[in-house]
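Written out below as structure tokens is the structure these notes cover.
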Amino acid sequence: MCTQTANTHITYSCNTRRDPWTATLSLRIQRWVHRHRSRKALAQLSDHTLRDLGLTRGQSLTEARKPFWK
């Protein structure tokens with residue numbers, strides 16, 4: 001089993017029976033999905049919650065508008 005942990009402590013895993021290219025692609029897609037969901041959630045936070053995180057509405061929207069691959 002191969003695993004990779006993202007900065008947000010989410011572990012991505014893959015099956016070693018697949019070739020390395022397929023495993024790498026699977027990990028990349030999982031990261032993209034995680035980024036998309038995280039940015040969508042960030043954009044939906046209240047102003048109060050964003051202040052608690054030290055972010056402005058503009059900063060959260062800038063992050064939310066980034067493409068999933070970045």
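The values are calculated or read from the model by the stated rules, or taken from the named source; none is laboratory data. Only a predicted model underlies this, so the values are computations on that prediction, with no experimental measurement involved. Cβ coordinates were reconstructed from backbone atoms using ideal geometry, including for glycine residues, and neighbour counts include every protein chain displayed.
THR16 fails exactly one of the following numbered conditions: (1) modelled with pLDDT under 95; (2) surrounded by 14 or more Cβ atoms within 10 Å (Cβ to Cβ); (3) part of a loop (DSSP other than H, G, I, E, B); (4) not charged (D, E, K, R). What is the number of that condition?
Unmet condition: (2).
Scan the range 53-70 and report the pairs whose first residue is within 13 Å of ARG37 (Cα to Cα) and whose second residue is assigned to a loop (DSSP other than H, G, I, E, B), with Cβ atoms within less than 9 Å and a gap of 6+ or a chain change.
These pairs meet every condition: GLU63/LEU55; ALA64/GLN44.
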